[in-house]
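What follows is a short report on a single structure.
The values are calculated or read from the model by the stated rules, or taken from the named source; none is laboratory data. Just so it is clear, the model here is predicted, and its values are computed rather than measured. Every residue, glycine among them, receives a Cβ derived from its backbone with ideal geometry; neighbour counts consider all protein chains shown.
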Amino acid sequence: MSSDKVIYVDNNATTQTDPEVFEAMKPFFCELYGNPSSIHTFGGQVSGHIKKARESLASLLGCEPTEIIFTSCGTESDNSAIMSALHLTPDRRKVVISKVEHPAVKNLGSELVRRGYKVEEIPVDSKGRLDIDRLKQEVNSETAVVSVMWANNETGNIYPVKEIAQIAHQHGAQFHTDAVQAVGKVPMNLSKENIDMLSLSGHKLHAPKGVGALYVKRGVRFRPYIIGGHQERSRRGGTENVASIIALGKAAELAEKNMKIENTKVKALRDKLEAELTSIVPKTRVNGDIDSRLPNTSNISFEFIEGEAILLLMNQLGICASSGSACTTGSLEPSHVLRAMGVPYTAAHGSIRFSLSRFNTEDEIDYIIKKLPPIIERLRQISPYWK
Amino acid sequence: MWDYNKKVMDHFLNPHNVGEIPDADAVGEVGNIRCGDALKLFLKLDPKTKKIVDVKFKTFGCASAIASSSALTELVKGMTLEEAAKVTNKDIVKILGELPEEKLHCSVMGMEALQAAIANYKGEKDAVKDDDHDGVVICKCFGVTDTKIRAVAKENNLHKAEEITNYTKAGGGCGCCLDDIQQILDELWRKEAQKPSKQAPQKLTTVQKVMKVQEVIDKEIKPMLERDGGSIELVDIQGDKVIVRLCGRCASCPASGVTLKNTVQDKLREFVAPELTVEEAK
C-alpha cells in the first residue's frame, strides 16, 4: 500500500479487535493458561471466567447462558445446526434456505444435494426481499430444517426471522438463522423469540477470529457436530479456546453497551456516505432494501466500471472496502447475492460494499466522499460503455 | 487480493494510450459487460507504409484487463498489420512480466481485440475471424466455442480444462462444460501427438533432435504424467542419451525407474529415433 493511512470500511468482512477485548483475553495465554476441565484450582478457576463470558453473551442475546455453545467460528455453528437437524429427523430429507445465504450455508446446501438431500433455495426480489409465499409452498412435512440468515452480509438486508420460524414450526421443522452480521447491531431478546438455533461469529463484533457460538433454545433437540469430551455440556467436544471465549464475552458486553451507537452514530455516518456518493456520482444505484437493513452497511453500484479496479485505486489511498465483482474473487461471475436480486450486469460488476463500525469517524467518511468520485470518473473515462 | 507485479500496477495506474481515434482506420471490439470485461481498440495506419502510427483503447474490466490493454497498445505501435497479426497473448504477458493464472484471459482479450481490428481493416467486418463466432458454443455461460478452445490450447500448450478457464473463462461459470472441454483437449492433443510419428524416419541434426525430443515430451509424455500428478523436464541431450528430470509425484514415486524406461524412453524411441536412451538427471 502506498498510503500509511488506513480507512477501514470493510467491517462485514471482519472487525478490529477492540483494545479492551484484547486486554481482557491477554491473561489467558501466559498466566491463566490452565485447562478449565482440570480438578486443580489453577485450571478450574478458568471455568469461572468462561462462565462469565457465557453470561455476557447470553445477556446480549437475551437468552439463558446454558443455551450457548461456544464454537470455533460462524461456519462451524451453521454446519452444526443444520447437520444436527438432519441427524435428528432422518426421515425428513429436505432443507429450505434462501438464495442469498453466506457460503457457510449455501455451499453446505450444495454438499447436501450431492449427498442425496433435497435443498430448496428461496428466491428474493430486486431489493433482496425473500419471497415468503414461495417459502410457505416449499416448507412441508419433508423439511428437517429451514435456515435463513438474519441479516445479509453484502446488502445488510434484514430478514423476517420470526415469521419464517413460524412457517417452519407449522410443519414440524426446526428453524436456524445465521445471525453473524446481525448480532451486536440488531437488538435481540431470544427468550421471547421462536428461533430454535442461531449462529454468530466473534470477529464480526470486535472479538478476534477463531471463535463463534451457537445458540440452541432450551427444549430444542440437538445432536453434536464435533464429538469428543464433555465440554460445552457434551454438545461440542474439544478443549475450550479459552482466551478467545473470554474475548467474545467481553466483546458481547461492549456490543450491548454500544448497540445504540451502531444505530445512531454509525447509521448517520453510513447514511451520509451513501447520500453524498449517490448525489455526487451520476449513474449509481443502492443495492438492497433501504427500509430494512443493518445500520452499518451500504452497497452501491457504480455503473459501467468494474469493482476490482475501483478497490485497487481506493487501496492506493488506504481505503479498504469490498466488491461483488467477479474479478475480485476469481470466480468469474459476480456475487450470487446480487445475481439473485437480478441486479443488471452493468451494475453488478461495479458494486462496492461499505461496512462501517463504531471505530469510523466523520473525517474518514468525508475523506471517502472526497476521494472516491474522481476514482469513478477516472475509470469511466477508460470504459467503452461510458458515454 | 491479487498479487499484481509492479509492471502490471504501473500499466493499470498510468495506462498508456487511453481514448478513442475518431477517424480510426480499424476498430476492434471484444468482450461484453455481462462477462465483466470488454475492450475497444482503435488503430490509425500510415497510408503508405501501412504501419500502425497511432493506437488507442477503452477497457471495461479489472486491473489486469486495463494493464493488458495498455501493454497491447505499446506493443503494436509501429508494427505493420502483418506483424501485428502475429501478436499473441503471450507477447502481452511478456511485456507485463506475468499475470496471475486466473487473469490470463485478460491477455487473450487483448490479442482478440487486435485480431478483430485487423479483420475490420481488411473489410471482414461481419465475417470477422473471431473465434467466438466460429464453431460450436461449449461454454454457455461465457459463449466460448470449441474453435476458440482449440486455438488457445495450441497457442499456450494447455492440457487441462482448468487452464482453459484461466485463459478463456470457459467453464468458469456453472462449470458444467468442464468435462466437455477436457474431452476436446484430450482429442486435440491425441491428434497432435500423432503428427510427428507420420513423418518418415531420417537422420536428424542435433538441433532437430533437441526440438523433436522437446516436442514429444511436451505433447505426449508430460500430459500422461500430469494425469497422475507428476511432470517431466528435459535437462540435456548428449548424442543419443536424453537426460530428463522427473518432477511432482513422479520424483518421489518408487516406480519412477519403470516410468523412465517404459514410458519416457519408449515414447521417445517411437516418435524421435529408435537409438535413444533415457537417463534421469543426478
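Structure data summary
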item: Some residue of region B:62-70 being in a loop (DSSP other than H, G, I, E, B), surrounded by 17 or more Cβ atoms within 10 Å (Cβ to Cβ) and either more than 10 Å from chain A (Cβ to nearest Cβ) or modelled with pLDDT under 95 (or both); result: yes
item: Test: residue in region A:13-35 that is touching an Asp or Glu at 6+ places or on another chain (Cβ under 7 Å) and modelled with pLDDT of 95 or more; result: no
item: Helices (runs of 4 or more DSSP H) within region B:201-280 that include 2 or more residues surrounded by 12 or more Cβ atoms within 10 Å (Cβ to Cβ) and among the aliphatic types (A, V, I, L, M); result: B:206-216, B:222-227
item: Residue list for region A:338-375, restricted to those being surrounded by fewer than 24 Cβ atoms within 10 Å (Cβ to Cβ), within 14 Å of chain B (Cβ to nearest Cβ) and either in contact with a Phe, Trp or Tyr (Cβ under 7 Å, 6 or more places away or on another chain) or free of Cβ contacts under 8 Å to residues at least 24 places away in the same chain (or both); result: A:R339, A:P344, A:Y345, A:T346, A:P374
item: Single residue of region A:299-329 satisfying the filter (within 22 Å of the chain's Cα centre (by Cα), in a loop (DSSP other than H, G, I, E, B) and facing chain B (nearest Cβ under 9 Å)) that is modelled with the lowest pLDDT; result: A:T328
item: Matching entry among A:R285, A:R339, A:R378 (being outside any loop (DSSP other than H, G, I, E, B), touching a helix residue (DSSP H, G or I) at 6+ places or on another chain (Cβ under 6 Å) and farther than 30 Å from A:E20 by Cβ); result: A:R285
item: Scan of region B:144-155 for residues that are out of contact with any helix residue (DSSP H, G or I) (no Cβ under 6 Å at 6 or more places or on another chain) and either within 13 Å of another protein chain (Cβ to nearest Cβ) or touching a residue at least 40 places away in the same chain (Cβ under 8 Å) (or both), ordered by number; result: B:E155
item: Verdict on B:T263 being more than 24 Å from the chain's Cα centre (by Cα) and within 29 Å of B:A151 (Cα to Cα); result: yes
item: So A:L332, is it at the interface with chain B (Cβ under 10 Å from one of its Cβ atoms) and modelled with pLDDT of 95 or more; result: no
item: Qualifying residue in region A:54-65 (condition: among the hydrophobic types (A, V, I, L, M, F, W, C), touching a strand residue (DSSP E or B) at 6+ places or on another chain (Cβ under 8 Å), surrounded by 16 or more Cβ atoms within 10 Å (Cβ to Cβ) and closer than 30 Å to A:Q316 by Cβ); result: no
item: Unmet criterion (only one of (1) in contact with a Leu (Cβ under 9 Å, 6 or more places away or on another chain); (2) among the charged types (D, E, K, R); (3) away from chain A (no Cβ under 14 Å)) for B:K77; result: (1)
item: Residue count for region B:5-42, restricted to those that are facing another protein chain (nearest Cβ under 10 Å), outside any strand (DSSP E or B) and closer than 15 Å to B:C106 by Cβ; result: 5
